[in-house]
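Student: Dumping the structure here so I can ask a few things about it.
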Amino acid sequence: MDLATLAQQCGEWLRGSGPESDIVISSRIRLARNFSDFPFIRKCSPQDRSTIEQRLRDTIDSISQWSNVSYIDVDALNDVDQQFLVERQLISRELADASDARAVAIDPSEQFSLMINEEDHLRIQVMKSGLDLAAVWDQIDGIDDQIEEVVNYAFHPTLGYLTACPTNVGTGMRVSVMLHLPALVITRQIDKVFRSLQKISLAVRGLYGEGSQAMGDFYQISNQITLGRSEQDLISQINEVIPVMIDYERKARQFLVSESQQDLHDRVSRAYGILCTAKTISSEETMHLLSSLRMGVNLGLIDDLEIPTINKLFIHTQPAHLQKISGSELDTADRNIERAHYLQKHLRRGSDDGESDSGEQN
Amino acid sequence: MKCQHCEKPATFHITELADSIPEELHLCEEHARVYLMQADEPDEANPSIAGALAQQLKISQTADELSQLDKQQCPICQISFYEFRHVGRLGCPHDYECFDQQLEPLILNIHGDNAHVGKQPRRGQPGSNRQTELIRLRRQIEEAVGKEDYELASELRDQIQHLEEEP
């Protein structure tokens with residue numbers, strides 16, 4: 001797989017289709033699995049890590065349906081390429097930052113990735129656009145079965161799948177749904193909603209799992225409990241909560257439209273204006289403004305932009321993506337200029353297409 | 001003891017080992033949550049394991065008992081309970097057996113349950129003793145290589161190969 005080609009595409013999770021995709025960005029499940037005959041990662045020698053990596057690589061190679069799956073040696077990638085995969089949510093920051101043998105296998109549609117030697121020996125992830133956890137589970141359950149035909153997983157008759165951290169033991173499963181909740185943020189109801197989610201053992205994190213800071217008003221809702229409930233139960237719980245969240249967000253949007261349409265329209269238009277005209281802009285500000293713009297398009301306040309365009313800009317304006325697309329390494333100041341340039345090229349109205357004004361920007 | 005940041009009682013006692021000098025933190029629930037949110041693992045929706053452990057151990061152990069407990073080691077991977085308690089990661093599958101008394105309340109605290117009811121691997125588990133033996137041999141190889149005893153390492157490698165080839 002050529003990462004430069006990948007950079008031109010949008011990736012599965014920001015494709016912007018699938019059920020409820022105005023609010024639900026993506027549905028994701030990951031399974032944590034370990035070999036029964038190796039220590040967990042913390043106590044693995046470099047030799048153990050290499051053997052695990054080789055063994056899983058052989059396993060992936062042996063599955064005939066996966067002949068088009070790309071296998072990437074993460075240890076051999078430079079920082080920008082590692083960051084690029086993190087931005088696309090194909091690997092975790094933890095995998096990028098680790099040392100010694102580690103890898104990721106990715107299918108061409110970017111719907112599944114297999115992380116090797118992360119916190120556990122194997123982390124299987126399946127991600128789909130929109131709200132569709134049932135399809136995600138079907139796929140990941142099948143992938144897990146295929147690998148298990150070749151590999152002995154560490155499994156305990158009472159405790160289930162054994163993981164390096166006891167917070168994952170049992171099913172080893174984390175179900176996450178990513179939501180775009182700008183109206184709940186504007187109306188200051190978001191904390192209240194999250195407190196009630198925490199009471200039923202659901203966790204809320206930002207786009208890249210970073211603390212409580214939610215970039216671009218993206219939030220991931222996921223289960224904390226992994227033991228004592230079946231995979232189906234855990235999925236059902238999330239499936240029951242998400243429509244409630246969608247309903248809250250829709251009500252908050254309606255409230256904004258009915259009570260302060262002018263303020264809302266002003267906010268969205270200003271965001272559009274800055275994104276179209278700024279000469280230098282940070283990633284944080286871009287995310288913040290794109291979030292308003294995205295809501296504006298969904299509410300019909302802006303009619304000359306499509307949601308997939310905005311989704312693409314969310315990912316393409318991330319630091320490593322900008323550098324991959326421009327084909328050169330850039331420091332923060334240069335990235336901010338390149339980002340502003342890129343946004344203008346893709347957002348400016350009045351021209352026939354994005355190409356015609358690209359030559360006269362400088 | 002009061003929280004370092006406010007007047008509330010400190011219920012979370014955290015030892016941070018990220019730097020070379022261990023840093024002791026005594027925090028109330030609210031400030032502990034803020035602190036642990038910052039320190040959270042990037043990928044995980046981890047309910048802070050350090051916080052849960054600290055709380056559980058504080059309730060059930062005296063300082064003496066805790067220092068005894070910290071010295072316990074897994075015979076297979078050699079991780080000490082102290083190491084687990086501070087990094088929140090276990091060393092091998094056998095730790096769930098050898099630290100079961102300490103882990104059970106922790107697991108109950110995190111999950112509200114202690115028995116798996118979900119998916120099972122399709123094929124039966126082959127003798128877990130053999131798997132555990134393999135983990136032990138792999139550690140011994142590393143020790144042998146560390147001592148530059150390559151003859152022993154080679155013997156151990158043969159033993160691993162032999163065990164792996166058993167039906």
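The values are calculated or read from the model by the stated rules, or taken from the named source; none is laboratory data. Note that this is a predicted model, so its numbers are computed, not measured. Neighbour counts run over all protein chains shown; Cβ positions are idealised from the backbone, glycine included.
Student: Quickly run through region A:222-248 and pick out the residues that are β-branched (V, I, T) and at the interface with another protein chain (Cβ under 9 Å from one of its Cβ atoms).
Tutor: A:I225, A:T226
Student: Of the residues in region A:145-173, how many are more than 7 Å from chain B (Cβ to nearest Cβ) and surrounded by fewer than 24 Cβ atoms within 10 Å (Cβ to Cβ)?
Tutor: 6
Student: Considering only residues of region A:174-200 that are within 17 Å of the chain's Cα centre (by Cα) and of a type in the set (A, V, I, L, M, F, W, C), which is farthest from the other protein chains (Cβ to nearest Cβ)?
Tutor: Filtering first and then ranking leaves A:L181.
Student: Oh, and also: Restricted to region A:126-144, and to residues that are touching a helix residue (DSSP H, G or I) at 6+ places or on another chain (Cβ under 8 Å) and hydrophobic (A, V, I, L, M, F, W, C), which residue is nearest to the other protein chains (Cβ to nearest Cβ)?
Tutor: A:W137
Student: Are any of the residues in region A:201-211 surrounded by fewer than 18 Cβ atoms within 10 Å (Cβ to Cβ), assigned to a helix (DSSP H, G or I), under 24 Å from the mean Cα position of the chain (by Cα) and among the charged types (D, E, K, R)?
Tutor: No, the conditions are met nowhere in region A:201-211.
Yes/no matrix, rows are residues, columns are (1) under 30 Å from A:L6 (Cβ atoms); (2) of a type in the set (A, V, I, L, M); (3) surrounded by 14 or more Cβ atoms within 10 Å (Cβ to Cβ); (4) under 25 Å from the mean Cα position of the chain (by Cα):
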site	(1), (2), (3), (4)
A:S258	no, no, no, no
A:Q262	no, no, no, no
A:E284	yes, no, no, yes
A:M287	yes, yes, yes, yes
A:T309	yes, no, yes, yes
A:D334	yes, no, yes, no
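Student: Could you tell me which of the residues A:R88, A:R42, A:R57, A:R102 is closer than 29 Å to A:L159 by Cα and touching a residue at least 60 places away in the same chain (Cβ under 8 Å)?
Tutor: A:R42
Student: Checking A:R270 against (1) buried (at least 18 other Cβ atoms within 10 Å of the Cβ); (2) modelled with pLDDT of 95 or more; (3) not polar (S, T, N, Q), only one condition comes out false. Which one?
Tutor: Unmet for A:R270, out of (1) buried (at least 18 other Cβ atoms within 10 Å of the Cβ); (2) modelled with pLDDT of 95 or more; (3) not polar (S, T, N, Q): (1).
Student: Sticking with this structure for a sec: Those residues that are more than 8 Å from chain B (Cβ to nearest Cβ) and buried (at least 21 other Cβ atoms within 10 Å of the Cβ), I need them from region A:26-52; list them, please.
Tutor: The answer is A:S26, A:S27, A:R28, A:I29, A:R30, A:L31, A:A32, A:R33, A:F35, A:C44, A:R49, A:I52.
Student: Name the single residue, out of those in region B:89-99 being at the interface with chain A (Cβ under 7 Å from one of its Cβ atoms) and without any contact (Cβ under 8 Å) to a residue 40 or more places away in the chain, that is farthest from A:G228 (Cα to Cα).
Tutor: By that ranking, first place goes to B:G91.
Student: Right, next: I'm trying to understand the selection: among the residues of region B:100-150, which are of a type in the set (G, A, S) and facing chain A (nearest Cβ under 9 Å)?
Tutor: Those that are of a type in the set (G, A, S) and facing chain A (nearest Cβ under 9 Å): B:G112, B:A115, B:G118, B:S128.
Student: Going through A:I52, A:I60, A:I72 one at a time, which residue ends up being aliphatic (A, V, I, L, M), closer than 30 Å to A:I325 by Cβ and either assigned to a helix (DSSP H, G or I) or in contact with a Lys or Arg (Cβ under 9 Å, 6 or more places away or on another chain) (or both)? Spell out the reasoning first.
Tutor: Working: A:I52 fails: closer than 30 Å to A:I325 by Cβ; A:I72 fails: either assigned to a helix (DSSP H, G or I) or in contact with a Lys or Arg (Cβ under 9 Å, 6 or more places away or on another chain) (or both).
From the options A:I52, A:I60, A:I72, the qualifying one is A:I60.
Student: Can you work out which of the residues in region A:201-221 that are within 12 Å of chain B (Cβ to nearest Cβ) and at positive phi is modelled with the highest pLDDT?
Tutor: Going through the qualifying residues, I end up with A:S201.
Student: If you scan region A:159-188, which residues turn out to be assigned to a loop (DSSP other than H, G, I, E, B) and either in contact with a helix residue (DSSP H, G or I) (Cβ under 6 Å, 6 or more places away or on another chain) or not β-branched (V, I, T) (or both)?
Tutor: Within region A:159-188, A:L159, A:L162, A:A164, A:C165, A:T171, A:G172, A:L181, A:T187, A:R188 qualify.
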